[in-house]
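Here the structure comes first, spelled out in structure tokens, and everything after it is commentary.
Each reported figure results from applying straightforward, stated rules to the coordinates on display, with no laboratory input. Keep in mind that what you see is a predicted model, and the values were worked out from it rather than measured. Here the Cβ positions follow ideal geometry from the backbone for every residue, glycine too, while neighbour counts run over all protein chains shown.
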Amino acid sequence: MACIKIKVAPGKKKRGIILEKGREGLPIVALTSHPTKGKANKELLEFLKGVFGKQVEIKRGHSSREKLICVELSEEELFAALRKAARSEA
């Protein structure tokens with residue numbers, strides 16, 4: 001199981017993955033949902049399931065924009081899927 005810290009940017013016009021790391025040095029996942037009543041977390045899990053093809057779990061940061069997510073992939077597979085998703089959004 002591989003885990004990675006990400007930053008979530010809710011309330012955006014378009015969802016996607018930005019690998020140009022922000023000030024905190026984390027990949028950014030843009031979401032269209034707002035962070036109310038767990039809507040952004042739900043969208044995050046659904047979006048990343050599509051990216052990785054596997055269930056994703058939020059290990060830390062349920063009420064924060066910085067999250068630790070884990071998925072049943074190797075670290076290499078996780079980063080390859082992130083790069084592929086970021087390229088397809090560009």
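Structure summary
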quantity	calculated
Rg to Rh quotient for the chain, alpha carbon positions, Kirkwood Rh	0.92
Partner aspartates and glutamates for Lys84 [C-alpha distance under 16 Å; skip if fewer than 8 residues away on the same chain]	Glu20, Glu75, Glu76
Shape of the range 1-45, Cα gyration tensor, a/c cut at 1.5	oblate
Cleavage-rule hits (GluC sites (Glu not before Pro)) in the range 19-72: DSSP loop, at most 12 neighbouring Cβ within 10 angstrom	Glu20, Glu24
Extended-chain gain in nm, criterion 0.36 nm per residue less alpha-carbon gap, Glu46 and Glu66	5.5 nm
Which listed pairs, of Lys42/Lys67; Lys7/Lys39; Lys14/Lys54; Lys12/Lys39; Lys14/Lys37; Lys12/Lys42, have C-alpha distances above 18 Å, in listed order	Lys14/Lys54; Lys14/Lys37
Sum of -39500 (n - 2.57) over DSSP H runs of 4+, divided by residues of the chain (222 nm, nearest 500)	-10500 deg cm²/dmol
Estimated vicinal HN-Hα couplings, Hz - the range 6-14 in sequence order (Karplus 6.51, -1.76, 1.60; Gly, Pro = x)	9, 10, 9, 10, x, x, 8, 6, 9
Net length gained if the chain between Glu76 and Lys59 were fully extended (0.36 nm per residue, minus Cα distance)	4.2 nm
Assigned charges on the beta-carbon of Lys, Arg, Asp, Glu; the chain dipole about Cα centre (debye)	460 debye
